[in-house]
Amino acid sequence: MSRLTHLDEQGRARMVDVSGKPDTARQAIAEGLVRMDPATRDLALTGTGAKGDVMAVAELAGVMAAKRTSDLIPLCHPLPLSKVEVTVSPHDEGLSVTAMARTTGPTGVEMEALTAVSVACLTLYDMLKAADKAMTIDGVRLLEKTGGKSGPWKRQVA
């Protein structure tokens with residue numbers, strides 16, 4: 001097993017020094033699911049709720065969150081993101097959220113994609129909680145990443 005890079009030899013938290021790493025094109029894709037009652041999903045899909053188009057607001061919130069990842073996650077490097085795309089779409093059990101983050105730099109964008117998904121899911125919950133307090137947020141996970149020394153990685157479908 002490889003050593004945890006955010007811990008020094010004494011076990012103290014540290015920011016990883018990426019100054020010697022070459023810039024490479026990097027991309028990460030993550031997903032999550034907000035499980036909800038079908039009537040709540042239908043309310044979100046029509047955009048006719050009291051709070052308007054909750055899906056568009058959640059997508060925007062996800063993009064904004066990706067841009068602020070280093071403010072939210074300790075030791076995460078601030079990155080010049082070249083693209084962030086967040087999509088909310090209907091799912092049999094609620095609403096699915098997918099985020100893609102892209103940069104060219106010395107470190108990956110996995111945390112930005114995961115943060116975008118997480119905040120978009122939380123935004124959906126916030127905007128729909130008046131209709132369904134029993135919603136759950138599930139399956140926030142990295143689907144794939146490209147770039148960097150370790151190369152491409154893709155989640156294997158079980």
Listed residues Ile137, Ile29 arranged by accessible area, highest first, probe 1.4 Å
Ile137, Ile29
Before I look further, what does the chain give for accessible area per residue, probe 1.4 Å, in whole square angstrom?
58
Plugging the Cβ-Cβ distance of Asp37 and Lys154 into 1/(1 + (r/R0)^6) at R0 = 30 Å yields, to the nearest 0.05, a FRET efficiency of 0.35
Qualifying lysines (Cα of each under 18 Å from Cα of Lys21; at least 8 residues distant if same chain)
Lys145, Lys149
Interchain or sequence-distant (5+) residues whose placed amide H lies within less than 5 Å of the amide H of Gly108 are none
Tell me, what ³J(HN,Hα) does each residue in the stretch 57-73 have, in order and in whole Hz, if you take phi through Karplus 6.51 cos²θ - 1.76 cosθ + 1.60 with θ = phi - 60° and put x for Gly and Pro?
5, 5, 4, 5, 4, x, 4, 4, 5, 4, 5, 10, 3, 5, 7, 9, 9
The alpha-carbon center of the stretch 61-120 and that of the stretch 127-158 are separated, in whole Å, by 10
Residues with beta-carbon under 10 Å from that of Lys154, excluding Lys154: net charge, scoring Lys, Arg +1 and Asp, Glu -1?
+1
Note the angle between two axes, namely the Cα long axis of helix 110-128 and the longest principal axis of the Cα atoms of the chain, as a number of degrees from 0 to 90, rounded to the nearest 10.
20
Considering only protein heavy atoms, with the full assembly of protein chains and a 1.4 angstrom probe, order Leu81, Leu122 by accessible area, largest first.
Leu122, Leu81
The set of residues whose placed amide H lies less than 5 Å from the amide H of Ser82, leaving out same-chain residues fewer than 5 positions away, is Arg102, Thr103, Thr104
Distance in nm between Lys129 and Glu9 label points, each 7 Å along Cα→Cβ, equals 4.8
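The values are calculated or read from the model by the stated rules, or taken from the named source; none is laboratory data. Everything quoted here is computed from the prediction, not taken from an experiment. For neighbour counting, all protein chains shown are included, and Cβ atoms are generated from backbone atoms with ideal geometry for every residue, glycine included. When the accessible area is computed, the model is the full protein with side chains, heavy atoms only, and any ligands, DNA or RNA have been set aside. Shrake-Rupley method; radii C 1.70, N 1.55, O 1.52, S 1.80 Å.
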